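First comes the structure, then the notes that go with it.
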Amino acid sequence: MRTLLVALTLIASISSQAQTTAKDGLVRLKANLENSKANLADYQKNLEVVKGNIDEIKKARQQVETQRAEVKKSFTENRLSADQLQKNEEAIKRLVFDDIKDNQNDEKKIQELNRVLALIKINQEKRSKNIAQYEEQLKQIQKERLEWASRIESLNKTQAQVDNKLKNVANQETEWLGKQKGYQGEIGRWQKEVDRNKKLLETYNSLAEVKE
């Protein structure tokens, strides 16, 4: 940061002619003005950089929020599918139970009714095939349940990662907004300094003209 000279001391030295000449005072005032302008330009440039960074962070935040919504949607769909699988499993278990119970009843009928043994055995064979099919379906459902559980676990991890990303983006946005406020304050301060030095230079020139 360029150091500004004390203008009031310069004005006092002009009137007293104790330490510096009028030419030296003019040079110092001009130097102060140039330094003020340079500082103003630097802070304006930095402000543009900050604004660009804030825009990028806002874009990143929007992308993360979109990803979070997609994960939430997938999580809901998977949960519904898992619930439906559980219902199907329970229904098939009831069917298996019913057929097993029927087979037990049929076995009693076979012992009691030899004359219908052939018919009962046909029914028994059919139900046995059904049981095998149901059991195969149960195995498939159980396999799919494991797959869904794995997917839900993966989605939970992804959701945690997305939440963490969103938190980081929010922190960065807060940081850059703070920097923006700081740079805007500095620009205002240095703009006042430029105006002050312009006024001092004009005053000095007026005094110099009067003296001449």
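The values are calculated or read from the model by the stated rules, or taken from the named source; none is laboratory data. Computed from a predicted model, the values in this text were never measured in an experiment. Backbone-built Cβ (ideal geometry, glycine too); neighbour counts: all protein chains shown. Note: accessible area is taken over every heavy atom of the protein model, side chains too, but ligands, DNA and RNA are not part of it. Shrake-Rupley method; radii C 1.70, N 1.55, O 1.52, S 1.80 Å.
Brief remarks on what is shown
- Calculated on the alpha-carbon coordinates, the convex hull of the stretch 97-160 measures out at 60 cubic angstrom per residue.
- Full extension of the chain between A38 and S128 gives 23.1 nm of extra length, using 0.36 nm per residue less the Cα-Cα distance.
- Solvent-accessible surface of protein heavy atoms, probed at 1.4 angstrom with all chains present, puts Y43, Y183 in the order Y183, Y43, largest first.
- Measuring nothing but how far apart in sequence close Cα pairs (under 8 Å, 6+ apart) lie, relative to its length, the stretch 61-174 scores a relative contact order of 53 percent.
- Sorted into 10 angstrom bins from 0, the C-alpha pair distances of the stretch 58-169 split as 13, 26, 18, 15, 12, 8, 5, 2, 0 percent.
- Enclosing the Cα atoms of the stretch 123-212 in their convex hull gives a volume equal to 82 cubic angstrom per residue.
- The chain - charge dipole about Cα centre, Lys and Arg +1 at Cβ, Asp and Glu -1, debye rounded to 20: 200 debye
- In degrees, nearest ten, helix 7-16 long axis to first principal axis of the chain (Cα): 0 degrees
- With every protein chain in place and a 1.4 angstrom probe, the accessible-area ranking of E34, E112, largest first, reads E112, E34.
- Every helix of 4 or more DSSP H residues in the chain counts as -39500 (n - 2.57), and over all residues that averages to -35000 deg cm²/dmol at 222 nm.
- Listed options for Rg and Dmax of the Cα atoms in Å are [x] 19.9, 65; [y] 19.5, 63; [z] 43.1, 144. The value calculated from this structure is the one marked [z].
- Taking the C-alpha atoms only, the angle from helix 117-211 to the longest principal axis of the chain is near 0 degrees.
- Computed over all pairs of different Cα atoms, the Kirkwood value for the hydrodynamic radius of the stretch 44-92 is 14.0 Å.
- The Cα center of the stretch 58-100 and the Cα center of the stretch 153-212 differ in position by 49 Å.
- Length-normalised contact order for the chain - Cα pairs under 8 Å, 6+ apart - percent: 42 percent
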